[in-house]
Amino acid sequence: MSNKKIWLSSFHLAGNEQKYVQEALDSNRIASEGDNLDGFEQDLESYLSNDFSVGALSSGTAALHLGLILLGVQAGDEVLCQSMTFVASANPILYLKATPVFIDSESETWNLCPIALEEAILDRMAKGQKPKAIIAVHLFGVPYKIDEIRTIANKYEIPILEDAAEALGSSYKGQKCGAFGDIAVLSFNGNKIITTSGGGAIITKTKTLRDKAMFLATQSRDDAPHYQHSEIGFNYRMNNVVAGIGRAQMEVLEDRIVARRNVHDFYVELFKNIEGVSVFTTKNEDSFSNYWLTTLIIDPVLTNGIDREKLRLAFEAENIESRPLWKPMHLQPIFGNCPYYGNKVAETLFEKGLCLPSGSNLEYDDKERIKNLIFRLFLKNE
Ligand SMILES: *Cc1c(COP(=O)(O)O)cnc(C)c1O
């Protein structure tokens, strides 16, 4: 068996990428407008059910930044944010010179804990400031507690910015993720379930809001023959070349979801009789996860001392990439002084959790290598 690198999540070509990219080149429309951009946005809108408007951007981070601006976040404001997430969820709060207030996870979906969220809102209000927005993430593709978080958001009239970067194709009660926030974002970074090489999108409930986002994303040019600007603008628009990659990738999105979910099933089966290891699975019947990444929790007390780091190093020795879960933001040096509400759920998950190779292009031989390693590592202990 070869020893080629097995990646955590790698780019998986669909087939028609070249065709769409070539069309952009042939029509000499390679910048911030063209058929690929229109087509990609329409594909996403119809995927989400056509009740939404989509604007394609240069990254998911850019979408989060513009989303916060559209929700009115300004310098000095406070923004509630899930602590266990990728740093891109939280960085745009700092771009606006606002303050992140971090919230712990709950142990069922690993996302925003409703109890800690409400505690934080009440405490921030008691201290004199009502938070301006809630950033809720569907980590690893698993929907957050949609109903509970929406109830709290409505009760205190705080809008939700839904970070669906990892959850394209996941759904809750039949409705696709990306549809639950007052504004939502997607990412098409190279490691996501589909990709444009790099890119993102903002999802709004009205075309007016979407157009406002595109105005900000293209340097906020006023309607004038010369370049005139009355607002701060950004250079955040997706271009018509990479949007072509996105169109091709949308054609295979359903296949990619099936493939990632099959990988998840493979791990459930593989670890089912290994004591001390549990593969993270949605237990709520209303929730459907794309299982962008399959993750596990390992308890060294039950595995004769094999902890997360030992398992990671065992993978690494076989040229197989695995990675600890996202390190919570309230433990990151850059966010060290930010308020935090909750307990140690996210911290414990970080200590014991590992992300497994989950690509939609994981092959039979790759799975055999992983299987052999796991059997060797755990069964020799018995
Ligand atoms: C990937 C990701 C983003 C940002 O996406 P980019 O397109 O890389 O800027 C935001 N939030 C989460 C949770 C992500 O995983």
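The values are calculated or read from the model by the stated rules, or taken from the named source; none is laboratory data. These numbers were taken from a predicted model, which means no experiment stands behind them. Side chains included, ligands, DNA and RNA excluded: accessible areas come from the protein's heavy atoms. Shrake-Rupley method; radii C 1.70, N 1.55, O 1.52, S 1.80 Å.
Calculate for the chain the 222 nm mean residue ellipticity that helices alone would give, adding -39,500 (n - 2.57) per DSSP H run of length 4 or more and normalising by residue count, nearest 500 deg cm²/dmol.
Mean residue ellipticity at 222 nm (helix-derived): -11000 deg cm²/dmol.
If you plug each phi of the range 328-345 into the Karplus form 6.51 cos²θ - 1.76 cosθ + 1.60 with θ = phi - 60°, what whole-Hz ³J(HN,Hα) values come out, in order, with x for Gly and Pro?
x, 5, 6, 9, 7, x, 5, 10, x, 9, 7, x, 9, 10, x, 10, 10, 5
Determine the share of the chain's accessible area contributed by carbon and sulfur atoms, expressed in whole percent, with a 1.4 angstrom probe.
49 percent
Tell me, what is the per residue accessible area of the chain in Å², probe radius 1.4 Å?
Dividing the accessible area of the chain by its residue count gives 43 Å².
At a Cα cut-off below 25 Å, give the lysines reachable from Lys130, other chains included and same-chain residues fewer than 8 away excluded.
Within the straight-line cut-off, Lys130 pairs with Lys97, Lys145, Lys155, Lys205, Lys344.
Whole-Hz ³J(HN,Hα) for each residue in the range 128-145, computed from phi via Karplus 6.51 cos²θ - 1.76 cosθ + 1.60 with θ = phi - 60°, x for glycine and proline: what do you get?
Listing the rounded values in order: x, 9, 8, x, 8, 7, 10, 9, 10, 10, 9, 5, 6, x, 8, x, 5, 6 Hz.
Mind listing the long-range amide H neighbours of Phe280? Cut-off is under 5 Å, sequence gap 5 or more, other chains count too, H placed in the peptide plane at 1.01 Å from N.
Hits under the 5 Å cutoff: Thr295, Leu296, Ile297.
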